[in-house]
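**Student:** Quick one: the structure is below, and I'll ask about it shortly.
The values are calculated or read from the model by the stated rules, or taken from the named source; none is laboratory data. As the structure is a computational prediction, the values presented were derived from the model and not from experiment. When we count neighbours, we look across all protein chains shown, and the Cβ atoms used for this are built from the backbone with ideal geometry, even at glycine.
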Amino acid sequence: MKLQKATQFGLYAVLELARDPSRQLSAIEIADKYGISSNHLAKVLRDLGRAGLVDAVRGAGGGYRFSSNSKRVTLMDVINIFEDIGSEASGTSDLGDGTDIGRALLVIRNEIDEITQATFGSITLDTLLKTMRWQRDVI
Amino acid sequence: MYSEDRKFDIKLRPAEVDDLQKIIDLDTLVSGIEKKTYWEDRFDRLKSADSSHLIVAGSLDPKSPDEILGFIVGEVRAWEFGSRPCGWIFAIGVSPDYRVRGIGEKLFDAICESCKKDGANSIRTMIARRDQLNMSFFRAQGMMGGPFIELEKSLR
């Protein structure tokens with residue numbers, strides 16, 4: 001599945017900051033690491049700040065710091081700030097949805113959406129960071 | 001075989017016949033469904049199959065020495081649907097009064113160790129899509145989507 005650019009940037013930023021909650025990073029530092037636009041990332045970081053996931057530290061040497069509980073925040077919580085995944089099949093209706101083939105396809109799309117939501121909703125930031133460490137240790 | 005952890009006052013050990021009713025009660029409390037016959041069958045299977053495991057977290061508190069704080073049940077199964085020998089976790093439960101103390105994690109580690117000794121190289125379970133509590137728990141232990149997909153059809 002393809003996530004929107006803002007969602008992807010939001011996940012990068014929040015995970016990068018949650019990796020070490022005592023560390024402050026600027027939008028430029030994070031953007032450079034992931035090769036993404038710092039202007040776009042600055043907007044994303046403001047959204048993450050409004051959602052209470054990061055704190056902006058002002059002044060010289062300022063930046064952003066993770067400010068939430070990585071054992072409680074799931075990937076789905078971050079994704080929901082930027083987009084509503086799964087709503088296409090479960091919420092609005094498309095042309096043809098009322099036909100027999102449209103309804104049958106809708107059932108399949110709902111099945112995929114439910115699995116996607118269950119997966120993102122069950123992985124906390126802490127679990128993802130821990131899984132990365134385990135995978136690194138195996139290699 | 002199993003470890004003791006006095007910090008949380010628990011002792012991991014294989015279930016004994018006397019634990020049956022306590023496990024039924026705890027499972028009923030955790031799942032909301034009483035499954036007496038199921039647990040009686042599981043206990044019978046423990047006697048007949050070496051690769052079947054039911055591990056309990058018992059209390060080390062002198063005031064309640066017989067209390068069961070948690071349980072995990074599973075076994076190694078092989079070649080169903082072409083799957084190589086693999087440990088299966090059928091159920092896990094921790095008393096709501098003793099959660100977030102690492103008891104589930106210790107039970108999970110213990111059954112992984114038991115299944116590994118029985119020749120399994122991986123461990124598997126099945127969870128309802130909407131069961132976020134258990135899904136998050138197993139994910140936090142490093143479990144991920146595996147190579148099989150569960151399919152079902154209503155027979156009504």
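**Student:** Which one is farthest from the chain's Cα centre (by Cα) among residues in the range A:33-48 that are within 13 Å of A:Leu11 (Cα to Cα) and of a type outside the set (A, V, I, L, M)?
**Tutor:** Step one: list which residues in the range A:33-48 are within 13 Å of A:Leu11 (Cα to Cα), which gives A:34, A:36, A:41, A:44-45, A:47-48.
Now restrict to residues that are of a type outside the set (A, V, I, L, M): A:34, A:47.
Details: A:Tyr34: 15, A:Asp47: 12 Å.
The residue in question is A:Tyr34.
**Student:** Provide a single number: the residues in the range B:79-126 that are over 22 Å from B:Ala15 (Cβ atoms) and free of Cβ contacts under 8 Å to residues at least 24 places away in the same chain.
**Tutor:** Selection size over the range B:79-126: 4.
**Student:** Can you confirm whether B:Ser51 is more than 14 Å from B:Lys11 (Cα to Cα) and in contact (Cβ under 8 Å) with a residue 40 or more places away in the chain? Outline the logic, then answer.
**Tutor:** Details: more than 14 Å from B:Lys11 (Cα to Cα): yes; in contact (Cβ under 8 Å) with a residue 40 or more places away in the chain: yes.
Here the answer is yes, as B:Ser51 does meet what is asked.
**Student:** Here's another thing I want to ask about it. Just give me the residues in the range A:1-45 being of a type in the set (S, T, N, Q), surrounded by 13 or more Cβ atoms within 10 Å (Cβ to Cβ) and under 25 Å from A:Thr119 (Cβ atoms), in sequence order. Full working, then the answer.
**Tutor:** We begin by selecting, within the range A:1-45, every residue of a type in the set (S, T, N, Q); these are A:4, A:7-8, A:22, A:24, A:26, A:37-39.
Next, from what is left, pick out any that are surrounded by 13 or more Cβ atoms within 10 Å (Cβ to Cβ): A:7-8, A:24, A:26, A:37-38.
Those that are of a type in the set (S, T, N, Q), surrounded by 13 or more Cβ atoms within 10 Å (Cβ to Cβ) and under 25 Å from A:Thr119 (Cβ atoms): A:Thr7, A:Gln8.
**Student:** Looking at the range A:107-126, which of the residues that are under 16 Å from A:Leu3 (Cα atoms) and in contact with a strand residue (DSSP E or B) (Cβ under 9 Å, 6 or more places away or on another chain) is farthest from the other protein chains (Cβ to nearest Cβ)?
**Tutor:** A:Phe120
**Student:** Hey, another quick one. For B:Gly119, work out the one condition from (1) on the phi > 0 side of the Ramachandran plot; (2) of a type outside the set (Lys, Arg); (3) part of a strand (DSSP E or B) it doesn't fulfil.
**Tutor:** With (1) on the phi > 0 side of the Ramachandran plot; (2) of a type outside the set (Lys, Arg); (3) part of a strand (DSSP E or B) applied to B:Gly119, the lone miss is (3).
**Student:** Condition check: under 27 Å from A:Ala42 (Cα atoms) and either within 14 Å of chain B (Cβ to nearest Cβ) or touching a residue at least 24 places away in the same chain (Cβ under 8 Å) (or both). Does A:Thr74 satisfy that? Reasoning before the result, please.
**Tutor:** On the way: under 27 Å from A:Ala42 (Cα atoms): yes; either within 14 Å of chain B (Cβ to nearest Cβ) or touching a residue at least 24 places away in the same chain (Cβ under 8 Å) (or both): yes.
When the stated conditions are applied, A:Thr74 passes them.
**Student:** Regarding A:Leu129, is this residue modelled with pLDDT of 90 or more, buried (at least 17 other Cβ atoms within 10 Å of the Cβ) and within 14 Å of another protein chain (Cβ to nearest Cβ)? Before the answer, list the steps.
**Tutor:** Values: modelled with pLDDT of 90 or more: yes; buried (at least 17 other Cβ atoms within 10 Å of the Cβ): no; within 14 Å of another protein chain (Cβ to nearest Cβ): yes.
It is false that A:Leu129 is modelled with pLDDT of 90 or more, buried (at least 17 other Cβ atoms within 10 Å of the Cβ) and within 14 Å of another protein chain (Cβ to nearest Cβ).
**Student:** Let me ask something additional. Within the range B:122-131, which residues are facing chain A (nearest Cβ under 7 Å) and either under 17 Å from the mean Cα position of the chain (by Cα) or small (Gly, Ala, Ser) (or both)?
**Tutor:** Scanning the range B:122-131 gives no hits.
Residue-by-condition table, conditions (1) farther than 16 Å from B:Ile123 by Cβ; (2) at pLDDT 90 or above; (3) aromatic (Phe, Trp, Tyr):
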site: B:Ile33; (1), (2), (3): yes, yes, no
site: B:Ala49; (1), (2), (3): yes, no, no
site: B:Asp61; (1), (2), (3): yes, no, no
site: B:Cys86; (1), (2), (3): no, yes, no
site: B:Ala91; (1), (2), (3): no, yes, no
site: B:Leu107; (1), (2), (3): no, yes, no
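**Student:** Give the number of residues within the range B:9-59 that are surrounded by 18 or more Cβ atoms within 10 Å (Cβ to Cβ) and among the small types (Gly, Ala, Ser).
**Tutor:** Total satisfying the criteria: 6.
**Student:** Name the residues in the range B:45-97 that are part of a helix (DSSP H, G or I) and under 16 Å from the mean Cα position of the chain (by Cα), would you?
**Tutor:** Within the range B:45-97, B:Arg45, B:Leu46, B:Pro96 qualify.
**Student:** Continuing with this model, one more query. Among B:Phe137, B:Phe108, which is the only one that is within 13 Å of chain A (Cβ to nearest Cβ), within 14 Å of the chain's Cα centre (by Cα) and part of a helix (DSSP H, G or I)?
**Tutor:** Details: B:Phe108 fails: within 13 Å of chain A (Cβ to nearest Cβ).
Sole residue among the options that is within 13 Å of chain A (Cβ to nearest Cβ), within 14 Å of the chain's Cα centre (by Cα) and part of a helix (DSSP H, G or I): B:Phe137.
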